[in-house]
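Pasting in a structure now, in structure tokens, and then I'll have a few things to ask.
Just so it is clear, none of the values below were taken in a lab; they were calculated from the coordinates. Everything numeric in this text was worked out from a predicted model, so none of it was measured. Positions of Cβ are generated from backbone atoms using ideal geometry, with glycine treated the same way; all protein chains shown enter the neighbour counts.
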């Protein structure tokens with residue numbers, strides 16, 4: 001940010017949190033939110049099957065001890081009928097499908113695959 005010469009320091013007295021947390025364990029709330037904008041999601045990403053993902057819809061086993069942040073950018077249905085989340089990872093374009101992973105959506109576990117539905121949020125105005 002560029003501050004003009006002679007400007008005064010700003011005050012944080014009127015600062016407010018501008019983050020909306022989605023209800024925990026609700027893939028339906030996530031679905032509605034992702035339809036409008038990208039959503040920040042915490043997941044468990046320490047498993048080797050996640051770390052070495054390369055293609056397809058990820059349906060592997062994983063825990064729910066959240067340890068990594070990703071961005072849910074969309075959703076869809078694969079050719080075989082599997083619902084998935086389209087997720088942008090921060091590990092670079094060489095990982096996954098050019099930096100993205102398709103993660104199984106609408107799983108039986110209420111917390112979602114790899115804890116996908118436990119802690120999600122997005123910025124507000």
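Among (1) more than 13 Å from residue 59 (Cα to Cα); (2) under 10 Å from the mean Cα position of the chain (by Cα); (3) assigned to a strand (DSSP E or B), where does residue 76 come up short?
For residue 76, the failing item is (2).
If I filter region 79-103 down to residues being over 13 Å from the mean Cα position of the chain (by Cα) and assigned to a strand (DSSP E or B), which single residue comes out as farthest from residue 46 (Cα to Cα)?
Top of the filtered list is 83.
Among (1) touching a helix residue (DSSP H, G or I) at 6+ places or on another chain (Cβ under 8 Å); (2) within 26 Å of residue 19 (Cα to Cα), which single condition is residue 90 missing?
The number of the failed condition is (1).
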